[in-house]
Structures are given as C-alpha cells and as structure tokens.
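Read-outs throughout are calculated quantities, based only on the coordinates presented, and are distinct from any laboratory measurement. Just so we're clear, the structure is a prediction, and the values are computed from it rather than from any experiment. Note: ideal-geometry Cβ built from the backbone for every residue, glycine included; neighbour counts use all protein chains shown.
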Amino acid sequence: MLPTLVLLHGFTQTRQSWRRTANELAPRYRVITPDLPGHGQSLHKTASFDACAAYVRALGPQTLAGYSMGGRIALYTALTVPGIERLVLLGASPGIADEQERQARRRQDDELAARIEQIGVERFARQWAEQPLFQGQPERVRNAAYADRLRNTPEGLASALRGLGTGVMPSLWDDLKRLTIPVTLITGERDEKFRALAEQMRQRLPNATHVEIPGAGHAAQLEDPHAVAEAIR
C-alpha cells in the first residue's frame, strides 16, 4: 500500500491548487488534497486549528504538507497529533511571536474578513492578487490562481480568516525544538520574506532541510509544480 500524503492549500485557494503537483506525486503516494474549512466545497463549518488538526488526523497521513495557511495548519497538526512521519512546509511560518503584533494582526484579519463579506469574492480576489507577495507571477499562474479563488464564497473566506488567520494562531516558535521528525522547508527563490523565515525555522528545528525553488515566488507549487513535487519526494 502506498504511503498517504496529505496536501493542505493556502488561504483563498482550494484543493485544485495542488492538482499538478499531486498528479506528479501520485505514483509514489496515496495523495489526498482536501478543501479546508471555508474553502471550495468543504463541508466542515468549524474553522479552527484544533478542528483542522482532528480532521487531518482522520485522513491518516504519513507525510503532511501545507502551503502558507495550510502550512501553518500542518505545523500545528504535527505538533499536536501523533503518527505523522514527515512534514513539508511551503512558504509557511510558525506564527507571530510578539503578543502585541499578534493582536494587531488579529484586528487586521477581522477587518479584512468584514471587507470580504462586503465587497464579494471577485473584487477581493483581484485585490488579493496585487499584494507584493505575488508580484512576478507568470500570467498563466495569475489567471489560474484567480479562477481558483472564485470557487470560494465571501462567507467562507471570512470564516477561515477569523478562525485560521495568523492573528488567531498561537506562536509555535518555541515549540519547533520538540519537533524531531524530518521537516522539509520549501520556499521560492523570489520569496524573500519566507526564505528568511525558513532559515530561522531551520535553525530551531532538530531535523530540517531548506529547499529553494529557482525562479519561483511565494506560491511555488503553482509556478513550478514539478520542482515542488521533487522536493516533496
């Protein structure tokens, strides 16, 4: 029987964002790509880290991978759920260490959630794509990412932001030292912010490697799914 690999998508994405990477990994793994709460066709209404960890545990992954928000959920799960043998984090962080900064981010996330409900998915998706984090993406990637975001609803995204945003996530920086399973940190070459975070994480994790995807930005699995699949393998 093939080992189970669970791939968790980022905020505003759906399971479809992993499609090309999952296809490359299918010969080696039993790949599961769920829609996270508030996204796509997910039937899970409770958007919280504990609820997501319980859901992921039920999927039985030997290897757990996540991108951005999905990476934060994957890290939280690996620290709270036994049985995961390997962790892969793509463009992810352990949260915000400073309490005041975390509270400020929570207020920002709450305000953004209210704005999403007010302006709708189409307008929000266009604005979200203009962040510096996504600059430099090829047009095909921008178009695919926009189409994927339209699979969501304003209410779902707002719920996910309030329950799974960086502002409500507990800081896991001090917990990294007790995560002894192998951890692969993946970042795009152009993603300076998360490259720096990955290096800080690598220094604290007992058993971690950092893989950089040449030419890619924050959403490396969309820009170069083959290279990301290779890194996961």
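Which FRET efficiency, nearest 0.05, do residue 178 and residue 199 yield, Cβ-Cβ r, R0 25 Å?
0.80
Normalised by the number of residues in region 162-233, what is the relative contact order in percent for Cα pairs under 8 Å and 6+ residues apart?
31 percent
Roughly how many nanometres apart are two label points built 7 Å out from the Cα toward the Cβ at residue 26 and residue 153?
Output for this residue pair reads 3.0 nm.
Loop-only check: which GluC sites (Glu not before Pro) in region 146-209 are DSSP coil with at most 15 other Cβ within 10 angstrom?
When the GluC sites (Glu not before Pro) of region 146-209 are filtered for loop state and at most 15 Cβ neighbours within 10 Å, 189 remain.
Given an 8 Å cut-off on Cα distances and at least 6 residues of separation, report the relative contact order of region 1-96 as a percent.
Relative contact order for region 1-96 comes out at 30 percent.
Relative to the present Cα-Cα distance, how much length would full extension add between residue 100 and residue 142 at 0.36 nm per residue of separation?
11.7 nm
In whole angstrom, how far apart do the alpha carbon centroids of region 198-233 and region 142-159 sit?
Using only Cα atoms to place each centre, the spacing works out to 24 Å.
Quick one: P(r) of region 119-210 from all Cα-Cα pairs, 5 Å bins, percents rounded to integers, in order of increasing distance.
Percent of pairs per bin, in order: 2, 12, 15, 16, 18, 16, 13, 7, 1.
Please list the equivalent ellipsoid semi-axes of region 1-134, computed as the square roots of five times the alpha-carbon gyration tensor eigenvalues, in descending order and whole angstrom.
Rounded to whole Å, the semi-axes are 27, 18, 14.
Let me understand region 60-103 better: what is its radius of gyration from the alpha carbons, and its Dmax, in angstrom?
Using the Cα atoms of region 60-103, the pair Rg, Dmax is 11.5, 36 Å.
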